[in-house]
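Reading through the structure tokens given below for one structure.
Computed from the coordinates by the stated procedures, all read-outs in this text should not be read as laboratory data. For clarity, every value in this text was computed on a predicted model and none was experimentally measured. Positions of Cβ are generated from backbone atoms using ideal geometry, with glycine treated the same way; all protein chains shown enter the neighbour counts.
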Number of protein chains: 2
Amino acid sequence: MKYVLRHATILTMDTEETVLSDGSLVIEGDTIIYVGKDSALPPSLPATCDQELDLCDTIVMPALINGHTHMGMIAFRSLGDDCPDRLRRFLIPLENVCMTQELAYASSRLAMAEMLLSGTSCAVDMYFFEDVVAAAANEMGFRLYAGETLMEDPHCDAQDGQQGLEKTEALIAQSRGNSLVTPIIAPHAPYSNTVEVLKKAQALAKEHDLLWTMHLSEMDFEMEKYQNEYGLSPIAFLARQGLLDSSLLAAHCIHTSDEDIALLAKSGTRVIHCPGANFKSAKGLARCPKMREEGILVGLGTDGPASGNTLDLFTQMKLYAILHKNGLHDRTAIPAKSVVPLCTSEAAKVLKADHTIGSLEVGKKADILVLGLDQPNMVPCHDPYSVVVYSSGVQNVMHVFVNGKWVVRDHKLTGVSLSQLRDEFFLAAQPFFEEAGKRSL
Amino acid sequence: MKYVLRHATILTMDTEETVLSDGSLVIEGDTIIYVGKDSALPPSLPATCDQELDLCDTIVMPALINGHTHMGMIAFRSLGDDCPDRLRRFLIPLENVCMTQELAYASSRLAMAEMLLSGTSCAVDMYFFEDVVAAAANEMGFRLYAGETLMEDPHCDAQDGQQGLEKTEALIAQSRGNSLVTPIIAPHAPYSNTVEVLKKAQALAKEHDLLWTMHLSEMDFEMEKYQNEYGLSPIAFLARQGLLDSSLLAAHCIHTSDEDIALLAKSGTRVIHCPGANFKSAKGLARCPKMREEGILVGLGTDGPASGNTLDLFTQMKLYAILHKNGLHDRTAIPAKSVVPLCTSEAAKVLKADHTIGSLEVGKKADILVLGLDQPNMVPCHDPYSVVVYSSGVQNVMHVFVNGKWVVRDHKLTGVSLSQLRDEFFLAAQPFFEEAGKRSL
């Protein structure tokens, strides 16, 4: 298909930060073949298009990138949110007993639906049964970085880290040539894996030129453990083991000293910040403005639905801006223009995918978000960056294209029935709900 | 009209915190005449209704109450959000030059549309030209506490505080017998009014048995001024003047000592907390959990669109929970169940209107919000309070009734054209935009 999108305010997110008023964009197949002023659009171009969209009352921008989530965990959402022993009372036992391939698959389909409907085209997922999560991404037309979680303790789909590595290798083989799915190696955290498995994970990433990711410097007990056992922070521990590198996406990094930040910067480690989930669990605020000053690439994540509840990045962009403004006691800090890259151009750099996605430029993949300005909360638009960060919400997501495919049209998924996704999810989750019901008593 | 709403999960927000599964509710005229289990609904009751709604996949709860906003300020939204001298560069000069009755009216209509579409039926507004804001509320079917801002400096619709008081008296006379509009006396802040005007405002509130409101303990310069001039906090200064009482709604109260909180509690002063706007302007977090422990009634506000940008209370509820959890370093603090009252039952007590609104009980006015559970972000619903606070967004607001009138139906305003509201706003705001454009250069 060939589409022309006309008369929009276009936030290209290119290196010159070009903003086009009355801009146009042409998609051919999976690729953007024109971005520019509508007045400069060669008349021959729209003439060859299958469809023309007049988007005069919209902002067109790159679709958003979610740097850290756990899509298979939808069944946990709203369960024991404010409970003191939630992890031991609900999460771990329910995951061990009730998490199945069927549930991970149905949950991931619903999670992708939620992300697409909230303008997100791409996510880094770390969970179990990632082979079926990858299959779901292909069906849903969603761009996925799929990471099978590696843990030393026996869990729902592997006996230990080594078995997880084997599953990861299978996923790598299975994903070859897939235009939407890229495998990623995903040890859960330093404290839940042996150093041997962490080193194998890093080596596997290097061997296949892939990214790897883990939770890092997130938990109070984690900070204490490494201090007590090694007299080091977990980041310093990893650095000493040679386990920080420029292919590592470190999720959270809430607790960091200046030395930790220097180690992350020197190694080229990238950081994924999940402010909503971190604040909900009262863990504190990662020092991302300082990290970015030191040259660390930062992306934003929603975390999983068990932690952050919603999977929309508008909430995370707004939180990033206001939490850091307040933390720095400076209302002029963290301008909106510096926040949008965290889910677009900088996020694509985090994923080493900035040649492909993260900005609207000729030759890039057509992962595009169209935000309507017709709802009252979007009026007026003195500054499109400001509108995206401070005003926008899920209700404003009008259209989404992923890899050139029109997947959200007029606020609705195309080609897949939302009620069917929900039915499938509830069917797959029935044993989970029964078990959760017993535990709530 | 007589409606029966059936088969919903009903959060009644009554004093017993009753939650009904498969609940039903009947509205006759402006009043709720039945709330209970659907199985206990007398068959004769639905038989007499004009319309029956099957709400089996929804949460029905009281429509939300916004304790503090400035509806006339839509034109400022997204203008100079991150600008260091925003107040002097944009806000004050544009307000003085361009704020007209026409703009305040059109802006308020759009703000009410935004609030209704985000589940809010009632707001405390403090701005200028409140006579036309009141007219707009009647037209939009919105429940309004209308406060003409009192300021000593000359401003767009009065020369000084005294003239503002006269306008307030006219508003009181004009609003007599109005079922939707209640006047409120609204000095801007202690520092922007003479003590004489503050005392007259308080006396006027007392004379007519009305509420009064002002910004309090919000600004750094305010704290310094009262410390330097009187060796007191602004709250202690007001207390010494006899200017705290149980009809006062103090907005913000960010900076409070234990002594301040004791003074607020002793006097019965109510507090409106606007966490989103406060964090965006890097002013800090009001100590509301402590205030509530001390018996102070607290409500939530969005603040105006110039400060908080969006007027939806879902964002504020979520922020309240997570900011205070993080501030208290306790993920179990501020459970969702304790947050919903801030926009419903406790908010109604703040307004001394809990005999009328804030809960779903027989005899109360039918101000009702229906949240759809059909969108992916609402799946599953282990706990409806948790879903409301952590999962819900504007996109889930399916129906809203205000005073028994069905004002939002299937996510759309009834009886008023949104595009017409926008057109009217842009027409009225044209001189503002021209002037703003010059100042942005």
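Counting only DSSP beta bridges with both residues in segment A:65-350, tell me the antiparallel percent, nearest 5.
Numbers: 1 of 29 bridges.
About 5 percent, rounded to the nearest 5.
Whole-Hz ³J(HN,Hα) for each residue in segment B:311-317, computed from phi via Karplus 6.51 cos²θ - 1.76 cosθ + 1.60 with θ = phi - 60°, x for glycine and proline: what do you get?
9, 9, 8, 4, 4, 5, 4
What is the set of long-range amide H partners of A:L150 at a cut-off below 5 Å, with H atoms built 1.01 Å from backbone N?
A:A186, A:H188
For A:D131, A:D258, what's the fewest-to-most ordering of other Cβ within 10 Å of each Cβ? Each step should come with its number before you reach the end.
Working: A:D131 20, A:D258 10.
Sorted ascending by nearby Cβ count, the order is A:D258, A:D131.
For A:W212, which sequence-distant residues (separation of 5 or more, or a different chain) have an amide H within less than 5 Å of its own amide H, given hydrogens modelled in the peptide plane?
Under 5 Å from the amide H of A:W212: A:I185, A:L248, A:L249.
Counting only Cα, what are the radius of gyration and maximum Cα-Cα distance Dmax of segment B:1-50, in Å?
10.6, 31
Whole Å is fine, so just give me how far the alpha carbon centre of segment A:232-253 lies from that of segment A:58-133.
Between the Cα centres of segment A:232-253 and segment A:58-133 lies a distance of 25 Å.
For n ≥ 4 DSSP H runs only, could you compute -39500 (n - 2.57) per run for chain B, divide by its residues and tell me the 222 nm figure to the nearest 500? Walk me through the numbers on the way to the answer.
Working: 15 runs with 155 residues, N = 441.
So the calculated ellipticity at 222 nm is -10500 deg cm²/dmol.
Among A:V97, A:V181, A:V402, whose mean-square fluctuation peaks in a Gaussian network model of chain A (Cα, cutoff 10 Å)?
A:V97
Once the Cα atoms of helix A:418-440 and of chain A are each reduced to a long axis, what angle between those two axes, in degrees from 0 to 90 to the nearest 10, is obtained?
Rounded to the nearest ten degrees, it is 20.
With axes computed from alpha carbons, what is the tilt in degrees of helix A:258-267 against the longest principal axis of chain A, rounded to the nearest 10 within 0 to 90?
With both axes taken from Cα atoms, the answer is about 70 degrees.
How are the C-alpha pair distances of segment A:1-121 spread across 5 Å bins, as whole percents from the shortest bin up?
With a bin width of 5 Å, the distribution comes to 2, 9, 14, 15, 13, 9, 8, 7, 8, 8, 4, 2, 1.
Considering only DSSP states other than H, G, I, E and B, which trypsin sites (Lys or Arg not before Pro) in segment B:116-219 qualify as loop sites with at most 12 other Cβ atoms within 10 Å?
Details: sites: B:R143, B:K167, B:R176, B:K199, B:K200, B:K206; in loops: B:R176.
For trypsin sites (Lys or Arg not before Pro) across segment B:116-219 that sit outside H, G, I, E and B with at most 12 neighbouring Cβ atoms in 10 Å, the list reads B:R176.
Compute for segment B:249-405: radius of gyration divided by Kirkwood radius, i.e. Rg/Rh, restricted to C-alpha atoms, rounded to two decimals. List each step's numbers first, then the result.
Details: Rg = 15.8 Å, Rh = 16.4 Å.
Expressed as Rg/Rh, it is 0.96.
Can you work out the Karplus-derived ³J(HN,Hα) for every residue in segment A:142-150? Use 6.51 cos²θ - 1.76 cosθ + 1.60 with θ = phi - 60°, whole Hz, and x for glycine or proline.
For segment A:142-150, the Karplus curve yields 10, 8, 10, 9, 9, x, 6, 5, 9 Hz.
Could you identify which residue out of A:L323, A:L180, A:L53 has the top mean-square fluctuation in a GNM of chain A using Cα springs shorter than 10 Å?
Sorting by GNM fluctuation, first place goes to A:L53.
Computed on alpha carbon atoms, what radius of gyration and Dmax characterise chain B, expressed in Å?
Answer for chain B, Rg first and Dmax second: 21.2, 69 Å.
How do A:H355, B:H215 rank when sorted from fewest to most other Cβ atoms within 10 Å of their own Cβ?
Values: A:H355 12, B:H215 25.
Taking fewest neighbouring Cβ atoms as first place, the list is A:H355, B:H215.
Mind checking the angle between helix B:130-140 and chain B's longest principal axis? C-alpha axes, 0 to 90 degrees, to the nearest 10.
So the helix axis and the longest Cα principal axis differ by about 10 degrees.
What are the principal axis extents of the Cα atoms in segment A:100-152, in Å, biggest first?
35, 19, 15
Just checking the output field for A:79-86: average partner chain Cβ neighbours within 10 Å of each residue's Cβ?
Numbers: counts 5, 3, 13, 17, 4, 3, 1, 2.
Average per residue, whole number: 6.
How shielded is B:315-324 by partner chains, expressed as the average number of their Cβ atoms within 10 Å of its Cβ atoms?
Details: counts 5, 0, 0, 7, 7, 0, 4, 12, 6, 2.
If you average over the peptide's residues, the count of other-chain Cβ atoms is 4.
Would you mind ranking A:H188, A:H324 by Cβ crowding within 10 Å, fewest neighbours first?
By the 10 Å Cβ count, ascending, the order reads A:H188, A:H324.
Which whole-Hz ³J(HN,Hα) couplings does segment A:179-187 yield from phi under the Karplus relation 6.51 cos²θ - 1.76 cosθ + 1.60, θ = phi - 60°, glycine and proline marked x?
7, 10, 10, 10, x, 9, 9, 9, x
Could you work out the Rg to Rh ratio of the protein assembly as shown, with Rh taken as the Kirkwood radius (inverse of the mean 1/r over all Cα pairs)? Display every interim value, and only then the final one.
Working: Rg = 27.0 Å, Rh = 28.0 Å.
Rg divided by Rh gives 0.97.
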